[in-house]
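Encoded as structure tokens, the structure appears first; notes follow it.
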Amino acid sequence: MNKLFKRDFTMVVIGQIISLFGSAILRFALPLYLLRETDSSSLFGAVTACAFIPMVFCSLFGGVIADRKNKRNIMVTLDFTTAAVILIFSCVLGKFSLVPLMIAVLMILYGISGIYQPAVQSSIPLITEKRFLMQGNAVINMVSTLASLLGPITGGVLFGALGIMPILYISIGCFIFSAVMELFIHIPFEKNTDGRSVFRAVGSDLSDSLNFIKYEKPVFLSVLGIISLFNLILAAMMLVGIPVIVVQILGMSDTALGITQGALGLGGLAGGIIAGAAAEKIRLKNGYVFLIICSIAAFFMGISVFEAIPKNIGYIIITAISFIAMCTSAMFSVSMMTAAQQQTPPNLLGKIMAVIIAVPSCSQPVGQAVYGLLFDAFADKPYYITTGAAILAMAVSLYSKKVFAVLEKESAAK
């Protein structure tokens, strides 16, 4: 691992820790602030769904930018931009209607994230030796989930004690610090000389990516379809369901929600550590097993809201389930991302990473909006929703077995 942590990779990791921590406390606090102020699951689901839409389109655009522009400069610019957006938001909060203001700022933040992540993901193979690629991806995944662990816990404590403003100021500091540090990172870059602007190149570059997937790696389409269905059925349910269940149904505090969201981060951290340590033992053909475990976790999530279960016990159950589901999800994500990177030509890395991030995300906003309505409609019987989602997700998991077997066969032949 010493050869993995060379200067540039180490600085990318540190920059990600700081930047993603700032992002994590925002993604925790802003939706919670909306839920507390409006007390509406439907509105919560609709607003968070709207926020995801620009991330989908910006991820595709971000992939093109990542392959044509200096990846370090992309990260620096976007971190400074995010700090400016939050500063403006902090100045106008309370002076405009909350819902449209929240939709606008969340859409901007998720859009920035959509451009930012392809730059990070496509830079890893350029600053990491091939034999350390899975470990490198595992470290980046762990960084993301470490931020997801610390962000909600910190955000929950601060939000419960001091409100939203200190969180906004802390996040501004994180993004500025990260941007300044990223200025000193060197990521190999060859300037594109075809004379086309980024905007003119979007269509043709994305066409190249889709043609590569369609004709050379059709198994990628099947994997993306499976992940998209899983996001629609299960990921969207958890994103909406966990805050609604903890805050509204179980009646827990903001700090308690922060701990539960922190359990998600801790699970992701554990999954990343396991994926890095057991990189050579993780088989792609067993990808369906990870999905099955997540489906079972969602089933037990329903048990946490049974009328016969005391609310404190229900809270413990849903927190434990959050840890298990995220741990499994992280292991799955690391293995899938590494397989895609290994089978993609360097000139298409950014665009393919963008497609892999964006396409499965297309289904998530739809799921979030629907689950917001369902949790309002079945507020007295939320286990109907979680159990139904678990059954559908299990069916997708079992179907995926043959797809992941093909993916491993192609990966082994590479």
Evaluate the Debye formula for the chain with equal point scatterers sitting on the alpha carbons, no solvent, and hand back log10 of I(q)/I(0) at q = 0.06, 0.07, 0.10 Å⁻¹, in q order, two decimals.
-0.22, -0.31, -0.65
Regression test value, accessible area per residue of the chain, probe 1.4 Å, units Å², expected 41 Å²
Among Gly367, Gly262, Gly388, which one shows the biggest mean-square fluctuation in a GNM of the chain, springs joining Cα atoms closer than 10 Å?
Gly388
Over the range 42-124, volume per residue of the alpha carbon convex hull, in Å³
81 Å³
Find how many whole Å separate the alpha carbon centroid of the range 95-144 from the alpha carbon centroid of the range 357-414.
22 Å
Largest-first semi-axes in Å of the equivalent ellipsoid built from the Cα gyration tensor of the range 65-170 are 31, 19, 10
Three-way shape label, the range 200-354, alpha-carbon gyration tensor, a/c 1.5:
prolate
Label the range 339-414 by shape, choosing from rounded, prolate and oblate, from the square roots a ≥ b ≥ c of the eigenvalues of the Cα gyration tensor; if a/c is under 1.5 it is rounded, and otherwise prolate applies when a/b is larger than b/c, oblate when it is not.
oblate
Once you've got the Cα coordinates, tell me which of Lys381/Lys401; Lys351/Lys401; Lys6/Lys285; Lys214/Lys281; Lys71/Lys130 are over 23 Å apart.
Lys381/Lys401; Lys351/Lys401; Lys6/Lys285; Lys214/Lys281
Sequence order, the range 321-336: Karplus ³J(HN,Hα) from phi using 6.51 cos²θ - 1.76 cosθ + 1.60, θ = phi - 60°, Hz rounded, Gly and Pro as x, gives 5, 4, 4, 5, 4, 6, 4, 5, 4, 5, 4, 5, 5, 4, 5, 5
Carbon and sulfur together cover what percent of the accessible area of the chain at a 1.4 Å probe radius?
68 percent
Sort out for me the Cα centre separation of the range 1-48 from the range 223-258, rounded to whole Å.
15 Å
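The values are calculated or read from the model by the stated rules, or taken from the named source; none is laboratory data. All values derive from a computational prediction rather than experimental measurement. Just the protein is used for accessible areas: all its heavy atoms, side chains included, with ligands, DNA and RNA removed. Shrake-Rupley method; radii C 1.70, N 1.55, O 1.52, S 1.80 Å.
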